[in-house]
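One structure below.
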Amino acid sequence: MVQYTILVKGCVVLEITVTAKIKINPKPEEISLLQETLNAYKKACNFVSTVVFDTKNLSQASLHKVTYQALRSDYAMRSQMAQSVMKTVIARYRSTISNGHNWTRIKFQKPEYDLVWNRDYSLTAGLFSVNTLDGRIKVLFEIEAMEQYFDGTWFFGTAKLVNKYGKFFLHIPMTKEVKEAELADIRQVVGVDMGVNFLATTYDSQGKTTFFNGRDIKHKRAKYKRLRKQLQQKQTSSARQRLKKIGQRETRWMTNVNHQISKALVDRYGQNTLLVVENLTGIRAETEKVRVKDRYVTVSWAFYQLRQMLEYKAALHEAKVIAVDPKHTSQACPKCGHTEKANRNKKKHLFCCKTCGYTSNDDRIGAMNLQQKGIEYIVAAATGA
Ligand SMILES: [Zn+2]
């Protein structure tokens, strides 16, 4: 999920990349062929990796001279697969080097296979067409998850075919260019307070508050937490395995919740909206001291993920997300400005201003203050302050 900015003729274009993950459903005879292909591809990558490691050469042209024949004859790679193998290995070395790691031989351990769109794979009429050791095969895939990408505005990137838990998945980077929502076009500002009781509480330009309920989620997280604790105490290998499985299940579930909530937010407010969230990066250590149990403790990655999802979904709808300094968002009175810790009763989830007596739900106060910060942001941008 990457997002970066390119300038085209003076107007800002955002390039959004989303990784679509879909399950493919091969028949039994296709399963063994795919497994063989993935294993052969992995072995071929390890062979090329040895050559790269020995020669320290990352040019595809010279690698081609040294490895192509062997890839074809000893590793049964078809011509295009041999090219992909070299690309995969070169890319992995490049990213390792750019991450500042030392020059070591990279081992390819997972059965994975990189596929170039319209050369090694395509998706048409409900079928995933893929190059294997034995030529092209066409496999059923779960089309529902992909439907949104077939409107002609998305580019299909180099996909990865993955064999995990006995199943096959296709990870496809989908890219689309959108025009960035400009501040001058913003028609409403919405403060979005992220919490656990209410996953999100919003306050909009019409003064309307909406609670996106998270009570069930709080309970479910607590259940997962108890379960994890029990298993951690057991310290047997089967407990560790279950722990890992449960962790993966929790991650999938939370990811799904985040998808739903970010979609609900963007669907509700739509085009030309400025959504204002708290910037929680870099304040994690402080957060855990300052914030109470029910807010930002269990949450770091889940909130970060929610924010990322909100950002790209907003961009797809010509809306915009900004993250502002969370300082005082839960303590400041939105009516008179009086800021004091005691304004907020955390246990009762109630805010009551010590100066003017303004009283409201504390998540709503957070959203109101964020909305105010969003307005200040626009004013500052407009006046160049
Ligand atoms: Zn007040």
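Read-outs: derived from the displayed coordinates by stated rules, not from any lab. Everything numeric here is computed off the predicted structure, so don't read it as measured data. Every residue, glycine as well, gets a Cβ built from its backbone with ideal geometry; the counts of neighbours run over all protein chains shown.
Observations, loosely collected:
- Listed by chain and number, the lysines whose alpha-carbon sits under 23 Å from that of residue 218, ignoring those within fewer than 8 places in the same chain, are 229, 244, 245, 263, 289, 293, 346, 347, 348.
- Helical contribution to [θ] at 222 nm, DSSP H n ≥ 4, -39,500 (n - 2.57), averaged over the chain, rounded to 500: -14500 deg cm²/dmol
- Each of 194, 237, 59 was placed along the dipole of the chain (beta-carbon charges, centred on the mean Cα), and the one lying farthest toward the positive end is 237.
- Residue 50-residue 383 FRET efficiency (beta carbon distance; Förster radius 45 Å; 0.05 resolution): 0.15
- Interchain or long-range residues, amide H under 5 Å from residue 20's placed H: 172, 174
- Comparing 121, 165, 113 in a Gaussian network model of the chain (Cα springs below 10 Å), the most mobile by mean-square fluctuation is 165.
- Gain on full stretching of the segment that runs from residue 180 to residue 317 - 0.36 nm per residue minus C-alpha separation: 48.4 nm
- Length released on extending from residue 240 to residue 12, taking residue separation times 0.36 nm less the Cα-Cα span: 77.2 nm
- Unit charges on C-beta of K, R, D, E only; dipole of the stretch 17-95, Debye: 300
- Where labels lie 7 Å past Cα in the beta-carbon direction, separation of residue 267 and residue 167 in nm: 2.3
- Comparing 101, 328, 349 in a Gaussian network model of the chain (Cα springs below 10 Å), the most mobile by mean-square fluctuation is 101.
- Selected from 333, 356, 45 as most flexible by GNM, with the chain as the system and alpha-carbon contacts under 10 Å: 356
- As a length-normalised measure over Cα pairs under 8 Å and 6 or more apart, the relative contact order of the chain settles at 16 percent.
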